[in-house]
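To start, the structure itself, in structure tokens.
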Amino acid sequence: MIGKLDQALHFHQTVLSLRAQRQQMLASNIANADTPNYKARDIDFNSALKQALGQGSQASQAVQPAPMAKTAAAHLGGTNLHLSSGGAALMYRTVQQGSVDGNTVDMDVERNQFADNALRYEAGITLMGAQIKGLLTAIQGQ
């Protein structure tokens, strides 16, 4: 019985985990808006979701944050374009208007993406709640 409930909620769990991870990444972009040479990052949510759902037997595995990796021997730690984060390839955002200090964060784009992702996260929670309510009704037989 528990396995069937887990299967029923797996999709929403995966979506919410990816949305939470993306929200952290967008918040990091916003927090580093004034950091020289910071490159804004994001994930392709659709391909990340397809990849996460395609894992099948690893259904209960939660999406883990990207590990830190050295990009050069002299670095203490940093990120690399080839890092993988829970099956989602990290990508750098396309620069619309470059800045003198090399920072690629566009606050208008980041705030828009942050609000959109937050709204979609809330919608996911609402849908999951409705599914749980429906499952509970089916179990109780009301």
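The table that follows gives values for the structure above.
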| item | result |
| --- | --- |
| Residue satisfying condition, being at pLDDT 90 or above, of a type in the set (A, V, I, L, M) and either over 24 Å from GLY129 (Cα atoms) or touching a Leu at 6+ places or on another chain (Cβ under 8 Å) (or both), within set ALA48, ALA8, ALA69 | ALA48 |
| Matching residues in the range 109-142 - criterion: being part of a helix (DSSP H, G or I) and small (Gly, Ala, Ser) | ALA115, ALA118, ALA123, GLY124, GLY129, ALA130, GLY134, ALA138 |
| Members of the range 26-45 that are in contact with a Leu (Cβ under 8 Å, 6 or more places away or on another chain) and part of a helix (DSSP H, G or I) | PHE45 |
| Meets criteria (at pLDDT 75 or above and touching a Lys or Arg at 6+ places or on another chain (Cβ under 7 Å)) for THR94 | no |
| Residue count, the range 93-108 (criterion: in contact (Cβ under 8 Å) with a residue 24 or more places away in the chain and not in a loop (DSSP other than H, G, I, E, B)) | 1 |
| Odd one out for VAL63 among (1) outside any helix (DSSP H, G or I); (2) among the hydrophobic types (A, V, I, L, M, F, W, C); (3) at pLDDT below 90; (4) over 21 Å from LEU119 (Cα atoms) | (4) |
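The values are calculated or read from the model by the stated rules, or taken from the named source; none is laboratory data. What you see is a predicted model, and the numbers here were worked out from it, not measured in a lab. Ideal geometry is used to build each Cβ from the backbone, glycine not excepted, and the neighbour counts take in all protein chains shown.
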